[in-house]
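Engineer: Here you go, one structure.
The values are calculated or read from the model by the stated rules, or taken from the named source; none is laboratory data. What you see is a predicted model, and the numbers here were worked out from it, not measured in a lab. Here the Cβ is made from the backbone with ideal geometry for all residues, glycine too, and neighbour counts use every protein chain on show. Quick note on the areas: whole protein, heavy atoms, side chains included, nothing else; ligands and nucleic acids left out. Shrake-Rupley method; radii C 1.70, N 1.55, O 1.52, S 1.80 Å.
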Amino acid sequence: MFSSRLRHTAGRNRLALALDARRAAGLPVIDLTLSNPTRAGFVYPPGILRALAHERGLCYDPRPFGLPAARQAVSEDFDRRGVRVPASQIVLTASTSDAYSLLFKLLCDPGDAVLAPRPSYPLVEHLTALDGVCLEHYGLEFHGEWIINVHGLRERLARGHKRVRAIMMISPNNPTGSVVKPAELDAIASLAHEHGLAIISDEVFADYPMTGAACGSALSQQTALTFGLGGLSKSAGLPQAKLGWIGVGGPAPMVAEAMERLETMCDAYLSVSTPVQAAAMELLTAGAQVRAQIQRRVRENFATITGVASASPSCSVLRTEAGWYAVVQVPAIQPEETLVMELLERTGVLVHPGYFFDFDREAYLVISLLPETAVFLPALQAIFREIGQLR
């Protein structure tokens, strides 16, 4: 009766059940998996959402790519990052997930494949399945820093046993915090051009480098048809506002054809609400204050976790360049799921096991850098103390 696009599992995993039981028993949980900035104690400017109630939102003016003023606001936000994307090459979406779905429909027939880095965010696997697309992986490997296995990617494309339609990049990566280097981007763009593929570049964490200016964009190259994804969820700390976008770049004829096809698709859905489009400029402007707070928080917390881990010789915090997460390598004495459950039971602290993100071996913990410092530091001290007693 039901589509095979939605993977059905036998039930909740052991960690989810243990978390449910702890909460049902009224026991405290300190959540170091937090990914929601609206729950992380940031101070939002008074009236930041007031623009959503403006009467201009009462006028329904359906545009497949979004209202011109909102597209211009996003174009100017790309300018802030040092990336030139004209408003005519901006497509508004309801979210990054919505953007992915549009692009999978644009580029792939059912059964076609896209290539994505591993490790990376598990949502990608669900999104490809929901659009009838096969997900295959190329290696993201740690050698003192995270690097793309370009040689392996080239070999995979040369084999050609399944039709690949796009190479996905997540830069900054979630959870590794790695950023695609210029030489890696050039190599991937060259491969995409050679094999007739598009590049889908998820850049939602680009505003959160550990040092220096905002991260670059795959849209800086013009070799391959490229789609750069972003949204208010991360850039302004406003996931509830539900506004994402796609910047389209690359060779002009390919861009023109992509925009023509996307127009038909977007006109069929018209998924973005009018009030959020009308308020886009105000939300992006006011969101800068929230973004600055998040930038400070994640940098301070990364310094904190690095300092706390340095007192545990058996643990190491992997180098990260950007984003909201830290990856900690811990002794592989027991399965990650068992370790995370024991940490939850003994300390009340919840962290992600590395296998959630498809790390190729154990043992890793993935820890959010969003929690408030007053919560973050004692929680770290508690879990590292427990890890230090592992035998």
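Engineer: How many percent of the accessible area of the range 223-324 is carbon or sulfur, using a 1.4 Å probe?
Structural biologist: Working: 2150 of 3930 Å².
Carbon and sulfur: 55 percent of the exposed surface of the range 223-324.
Engineer: With springs only between Cα atoms under 10 Å apart, run a GNM on the chain and tell me which of T96, T211, T274 wobbles the most.
Structural biologist: Comparing T96, T211, T274 in a Gaussian network model of the chain, the most mobile one is T211.
Engineer: From the helices alone, meaning DSSP H stretches of at least four residues, give me the mean residue ellipticity at 222 nm for the chain, per-run term -39500 (n - 2.57), in deg cm²/dmol to the nearest 500. Provide the component values of the computation, followed by the final result.
Structural biologist: Values: 12 runs with 153 residues, N = 391.
Theoretical 222 nm ellipticity from helices: -12500 deg cm²/dmol.
Engineer: Please give the net charge around M210, taking every other residue with its beta carbon less than 13 angstrom from that of M210, where Lys and Arg add +1 and Asp and Glu add -1.
Structural biologist: On the way: positive: R296, R297, R299, R319; negative: E145, D207, E300, E321.
It works out to a net charge of 0.
Engineer: Just the accessible area per residue of the range 198-350, please: how many Å² with a 1.4 Å probe?
Structural biologist: On the way: 5520 Å² over 153 residues.
I get 36 Å² per residue for this part.
Engineer: Would you work out if the range 180-242 is rounded, prolate or oblate? Take a ≥ b ≥ c from the square roots of the eigenvalues of the alpha-carbon gyration tensor; rounded if a/c is under 1.5, else prolate when a/b is larger than b/c, oblate otherwise. The partial results should precede the final answer.
Structural biologist: Working: a/c = 3.79, a/b = 1.71, b/c = 2.22.
Because a/c hits 1.5 or more and a/b fails to exceed b/c, the range 180-242 counts as oblate.
Engineer: Report, to one decimal in Å, the Kirkwood hydrodynamic radius for the chain based on all distinct Cα pairs.
Structural biologist: Numbers: mean 1/r = 0.0454 Å⁻¹.
Kirkwood hydrodynamic radius for the chain: 22.0 Å.
Engineer: Under 11 Å from the Cβ of W146, count the other residues' Cβ atoms, weight Lys and Arg +1, Asp and Glu -1, and hand me the total.
Structural biologist: Working: positive: K181, R319; negative: E141, E145, E184, E321.
In short, -2.
Engineer: Can you tell me the 0 to 90 degree angle between the C-alpha axis of helix 182-195 and the longest principal axis of the chain, rounded to 10?
Structural biologist: It is inclined by approximately 50 degrees.
Engineer: How many angstrom separate the Cα center of the range 97-170 from the Cα center of the range 315-391?
Structural biologist: 27 Å
Engineer: Moving on to the next point. Which of the peptides 130-143, 170-183 is most tightly packed, and how do the rest follow, judged by the mean count of other Cβ atoms within 10 Å per residue?
Structural biologist: Numbers: 130-143: 17.1, 170-183: 23.5.
The packing order, highest mean first, is 170-183, 130-143.
Engineer: While we're on this one: Restricting to DSSP loop positions (anything but H, G, I, E, B) with no more than 14 other Cβ atoms inside 10 Å of their own Cβ, which trypsin sites (Lys or Arg not before Pro) remain in the range 100-176?
Structural biologist: Qualifying residues, ordered by number: K162, R163.
Engineer: Can you tally the net charge around L106? Count Lys and Arg as +1, Asp and Glu as -1, for every other residue whose Cβ sits under 12 Å from the Cβ of L106. Numbers along the way, then the final one.
Structural biologist: Values: positive: K105, R165, R261; negative: D109, D112, D131, E257, E260, E263.
Its environment carries a net charge of -3.
Engineer: Just to be sure I understand: of the beta bridges DSSP finds with both ends in the chain, what percent are antiparallel, rounded to 5? Can you show the working numbers first?
Structural biologist: Details: 23 of 43 bridges.
Percent antiparallel among DSSP bridges in the chain is about 55.
Engineer: In degrees, nearest 10, range 0 to 90: what is the angle between the Cα axis of helix 150-159 and the longest Cα principal axis of the chain?
Structural biologist: 60 degrees
Engineer: Given the C-alpha atoms of the range 84-126, compute the convex hull and give its volume per residue in Å³. Can you show the working numbers first?
Structural biologist: Working: hull volume 5.0 nm³, N = 43.
Spelled out: Cα convex hull of the range 84-126, divided by residues, is 116 Å³.
Engineer: Show me the ranking of peptides 238-250, 19-31, 361-373, 40-52 by mean Cβ neighbours inside 10 Å, starting with the highest.
Structural biologist: Details: 238-250: 23.2, 19-31: 12.4, 361-373: 20.6, 40-52: 14.8.
Peptide ranking by packing, descending: 238-250, 361-373, 40-52, 19-31.
Engineer: Something else about it: Below 22 Å Cα-Cα, how many Lys pairs turn up in the chain? Only count pairs eight or more apart in sequence, or on different chains, if you could.
Structural biologist: 4
Engineer: Something else: Taking Cα pairs under 8 Å and at least six residues apart, what relative contact order does the range 1-99 come out at, in percent?
Structural biologist: Numbers: 30 pairs, mean separation 13.9, N = 99.
So the answer I get is 14 percent.
Engineer: On to the next question. Taking the Cα centre of the range 130-211 as origin and charging only Cβ (+1 Lys, Arg; -1 Asp, Glu), how large is the dipole, in debye to the nearest 20? Provide the component values of the computation, followed by the final result.
Structural biologist: Details: 7 positive and 11 negative charges, 85 e Å.
That gives the range 130-211 a dipole magnitude of about 400 debye.
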